[in-house]
1. Which pairs turn up if I take residues in segment 48-66 that are touching a residue at least 60 places away in the same chain (Cβ under 8 Å) and look for partners that are hydroxyl-bearing (Ser, Thr, Tyr) with beta carbon separation below 8 Å, at least 6 apart in sequence or on another chain?
2. Which of the following residues is in a loop (DSSP other than H, G, I, E, B), under 18 Å from the mean Cα position of the chain (by Cα), in contact (Cβ under 8 Å) with a residue 40 or more places away in the chain and under 16 Å from Pro101 (Cβ atoms): Gly212, Gly170?
3. Condition check: in a helix (DSSP H, G or I), open to solvent by less than 80 Å² (accessible area, probe 1.4 Å) and at pLDDT 90 or above. Does Ile102 satisfy that?
4. Looking at (1) crowded, with 19+ Cβ neighbours inside 10 Å; (2) assigned to a loop (DSSP other than H, G, I, E, B), which is the one condition that is false for Leu204?
5. Out of Asn190, Asn168, report the one residue that is surrounded by 21 or more Cβ atoms within 10 Å (Cβ to Cβ) and closer than 20 Å to Lys261 by Cα.
6. Going through segment 18-40 one residue at a time, which ones are open to solvent by less than 30 Å² (accessible area, probe 1.4 Å) and of a type in the set (A, V, I, L, M, F, W, C)?
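The values are calculated or read from the model by the stated rules, or taken from the named source; none is laboratory data. Being a predicted model, the structure only gives us computed values, none of them experimental. In this analysis, Cβ positions are derived from the backbone assuming ideal geometry, glycine residues included, and neighbour counts consider all displayed protein chains. Surface areas here come from the heavy atoms of the whole protein model, side chains and all, with no ligands, DNA or RNA. Shrake-Rupley method; radii C 1.70, N 1.55, O 1.52, S 1.80 Å.
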Amino acid sequence: YHIEHAKSSKSSCKKCKEKIQKDEIRIGISSMKGDIKITGWNHPSCFTIPRTIKVSAEEFVNEYLEDQTADGILDDPDFKQRLVIQISSTPKKKEEKHDNPIANRIASYKTAFEELPDEDEDDDEETRRPTKKAKKGGDPKILNAAAKAYGIYHKMKNPELQDVLRWNVGYGMTGTKDALLLRCIDGHVNGRLARCPMCFRGKLQLADKDAGQTVACGGYFDEEISARIPCSYVAKNERAPRLQPWYAEKPTEEQTEEIKKITEEHEAKASGGGGGGSGGAPVELLKLANDLDWPDISTMAGKKEAANLMAELCTSGDVTVDLPQDEKKARMACGKIIVGHPEASASQILELIVKE
């Protein structure tokens, strides 16, 4: 920890994010990452003693703070006293806690954004400091990307965020600002959501209950039978199908046509003329599969029960699947697929069976 006069006006305070002007007093926090020296800067009034150092402000200034000013500013007792008062009176940042998972996720992006390094540091030996990992873990590269996206969108008002979602197609445009912001950040980092890979007609949505860690399909309305067809597709966010490009600014007419063309080509290729889901499962069977009392197929007993249910569903109704005529072999055929997909839902297993 050291105190000095800023050598230029390029650095910014890590807390308030404002520029530190040349010759202005600043406090530096330096550390080594391998052979590289990394330094972050703070205004004295913004500096907070790290929790790992359990000392008073006066003890910190006397024992931990190195004076690197040309005029030995800490030798001035009046300045030192003012500095102690500034550091001791720095308000401690309170953690934002919300009951809403989406608000919590946005708060984590905000924190990561505030920790991002400056684009221009004024000392040659200084390099970018990696953003800290989220408290519960996670890929720091993804968190950094989300933090940078937060910086692009967080000052936008709801109509502006809705415009971004409208340009990129595939996301709902209703909800709170946090919900709209989360969708924009998600699309910016991962690409826009494609159509559901199971029913190929439903729109995928970020799950509100876990702030977009999972993606689900809400089904679709079938105009031919005038009924809404449910879909049980659920996947982790990183496994959801995506399309590129994503536009943070209003696309040109040519770019808009490109988005439309890519979307239409994807949907045509995905549906492949099938009458139901990705494997061509009939709508009637999909509806019955969604109504099944589906057991926990992570257990052996659950797998056996699921194989019995699926074999009966596929062979006993008006619409059937071409399974072996022998009941035991039919159950074994269903069981083989169930064993290979222990996290799948009934409708997902049905699609796999039909495809097989």
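1. Tyr64/Tyr1; Leu65/Tyr1; Glu66/Tyr1
2. Details: Gly170 fails: under 16 Å from Pro101 (Cβ atoms).
None of the others qualify; the one that does is Gly212.
3. It is true that Ile102 is in a helix (DSSP H, G or I), open to solvent by less than 80 Å² (accessible area, probe 1.4 Å) and at pLDDT 90 or above.
4. (2)
5. Values: Asn190 fails: surrounded by 21 or more Cβ atoms within 10 Å (Cβ to Cβ).
Just a single option satisfies the conditions, and that option is Asn168.
6. Those that are open to solvent by less than 30 Å² (accessible area, probe 1.4 Å) and of a type in the set (A, V, I, L, M, F, W, C): Ile20, Ile25, Ile27, Ile38.
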